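**Q** My structure is below; once you've seen it, I'll send some questions.
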Amino acid sequence: MTNMGKKCIYKYMVLLVLLVFSQGSLSAQTLPEWYIPLREAVYEQQLSANEIAPMYREISARARTSLSGAPQLIMLSRCEYMMGRAYLFEERKEEAAARFSDGMDYAQRALDIRESAEAWVMLAENLSQSCIVRSVSFAIANGLNVEKYSKNALAINRRNAAASIMIASRWVYAPSPFHNYRRGIEMMSAILTECDMEKDDMFNVYSAIGYAYVQMRNSAQARTWLTRALEIYPTNRYVQTLRAGL
């Protein structure tokens with residue numbers, strides 16, 4: 001195999017593992033109070049997707065009446081992303097794929113009106129999840145754009161936490177020998193002081209650092225960071241499972 005071929009395989013492996021393990025996050029802008037319950041329900045992982053669906057429909061309708069233009073489209077993209085995550089948690093991939101597809105469409109329409117870090121992040125977030133629920137060929141053809149779109153967001157707003165998390169995650173979640181846990185921990189730690197953080201951003205950074213320490217078999221540090229994540233979302237099953245395995 002040529003060196004170019006090896007590099008391509010490396011990039012695809014890193015990307016796909018990142019997509020599988022990434023918790024995802026949303027950009028740190030001021031979010032309306034009426035949106036927050038949807039985000040909380042998805043991260044708390046206590047309600048079923050069917051129970052979350054009415055909330056998703058209500059908040060999407062509120063976005064249409066309370067916002068306009070690019071901000072409306074970005075918020076609708078957020079709603080699609082969150083509902084897709086709820087379906088994905090239950091492995092309802094076809095329903096999740098439809099939501100992520102609509103999320104990408106809303107984000108692209110927002111970018112067509114006005115380029116913004118938030119729109120780039122939502123395009124990246126929905127694309128990353130689409131690569132999980134759609135075919136391998138789709139992931140190979142489109143997946144590398146996740147980091148590209150994240151970098152586009154950072155070019156506009158270098159303090160965007162969600163974009164930084166997606167880029168740092170590759171070093172935490174890549175398979176051996178492509179991961180670099182220490183580099184991932186360093187990059188994630190920098191986000192805590194260099195970026196504007198939303199609640200879910202904090203959770204995602206803490207859980208990523210905790211995961212890295214789990215893989216390094218440093219149980220004391222892993223427990224510290226996973227506990228911090230659970231202080232934000234105590235019922236999140238992903239982090240509960242990581243900590244229980246220590």
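**Q** Criterion first (modelled with pLDDT of 95 or more, of a type in the set (D, E, K, R), outside any helix (DSSP H, G or I) and not assigned by TED's automatic domain parsing to the domain that holds residue 202) does residue 33 satisfy it?
**A** Yes: the conditions hold for residue 33.
**Q** Pull out all pairs, ordered by first then second residue, where Cβ-Cβ is under 6 Å, the residues are six or more apart or on different chains, the first lies in the stretch 116-141 and is of a type in the set (Ser, Thr, Tyr), and the second is part of a helix (DSSP H, G or I) and surrounded by fewer than 24 Cβ atoms within 10 Å (Cβ to Cβ).
**A** Between residues of the stretch 116-141 that are of a type in the set (Ser, Thr, Tyr) and residues that are part of a helix (DSSP H, G or I) and surrounded by fewer than 24 Cβ atoms within 10 Å (Cβ to Cβ), the close pairs are 128/19.
**Q** Another question, if that's okay. Just to be sure, is residue 150 surrounded by fewer than 24 Cβ atoms within 10 Å (Cβ to Cβ), part of a helix (DSSP H, G or I) and of a type outside the set (A, V, I, L, M, F, W, C)?
**A** no
**Q** Additional query: Could you say which residue among 91, 51 is surrounded by fewer than 14 Cβ atoms within 10 Å (Cβ to Cβ) and in a helix (DSSP H, G or I)?
**A** Residue meeting the stated conditions: 51.
**Q** Of the residues 117, 110, which single one is at pLDDT 95 or above, hydrophobic (A, V, I, L, M, F, W, C), crowded, with 24+ Cβ neighbours inside 10 Å and closer than 17 Å to residue 78 by Cβ?
**A** Unique residue meeting the criteria: 110.
**Q** Sticking with this structure for a sec: Would you be able to say whether some residue in the stretch 76-83 is over 15 Å from the mean Cα position of the chain (by Cα), in a helix (DSSP H, G or I) and touching a residue at least 24 places away in the same chain (Cβ under 8 Å)?
**A** Going residue by residue through the stretch 76-83, those that are over 15 Å from the mean Cα position of the chain (by Cα) are 76.
The next check asks that each one be in a helix (DSSP H, G or I); those that pass are 76.
Going one step further and asking which of them are touching a residue at least 24 places away in the same chain (Cβ under 8 Å), we end up with 76.
Yes, that holds for at least one residue.
**Q** Before we move on, is residue 170 assigned to a helix (DSSP H, G or I), surrounded by fewer than 18 Cβ atoms within 10 Å (Cβ to Cβ), assigned by TED's automatic domain parsing to the domain that holds residue 205 and charged (D, E, K, R)? Before the answer, list the steps.
**A** Values: assigned to a helix (DSSP H, G or I): yes; surrounded by fewer than 18 Cβ atoms within 10 Å (Cβ to Cβ): no; assigned by TED's automatic domain parsing to the domain that holds residue 205: yes; charged (D, E, K, R): yes.
In short, no.
**Q** Any residue at all in the stretch 191-200 that's of a type in the set (Lys, Arg) and assigned to a helix (DSSP H, G or I)?
**A** Just the residues of the stretch 191-200 that are of a type in the set (Lys, Arg), to begin with: 199.
Subsequent filtering for residues that are assigned to a helix (DSSP H, G or I) retains 199.
Scanning the stretch 191-200 turns up at least one residue that is of a type in the set (Lys, Arg) and assigned to a helix (DSSP H, G or I).
**Q** Could you look through the stretch 204-219, keep only residues that are assigned to a loop (DSSP other than H, G, I, E, B) and not polar (S, T, N, Q), and pick out the one that is surrounded by the most Cβ atoms within 10 Å (Cβ to Cβ)?
**A** Going residue by residue through the stretch 204-219, those that are assigned to a loop (DSSP other than H, G, I, E, B) are 216-218.
Next, only the ones that are not polar (S, T, N, Q) stay: 216-217.
On the way: 216: 13, 217: 8.
Top of the filtered list is 216.
The values are calculated or read from the model by the stated rules, or taken from the named source; none is laboratory data. The structure presented is a predicted model; accordingly, all values stated were derived computationally and were not measured. Note that each Cβ is placed from the backbone with ideal geometry, even for glycine, and that neighbours are counted across all protein chains shown.
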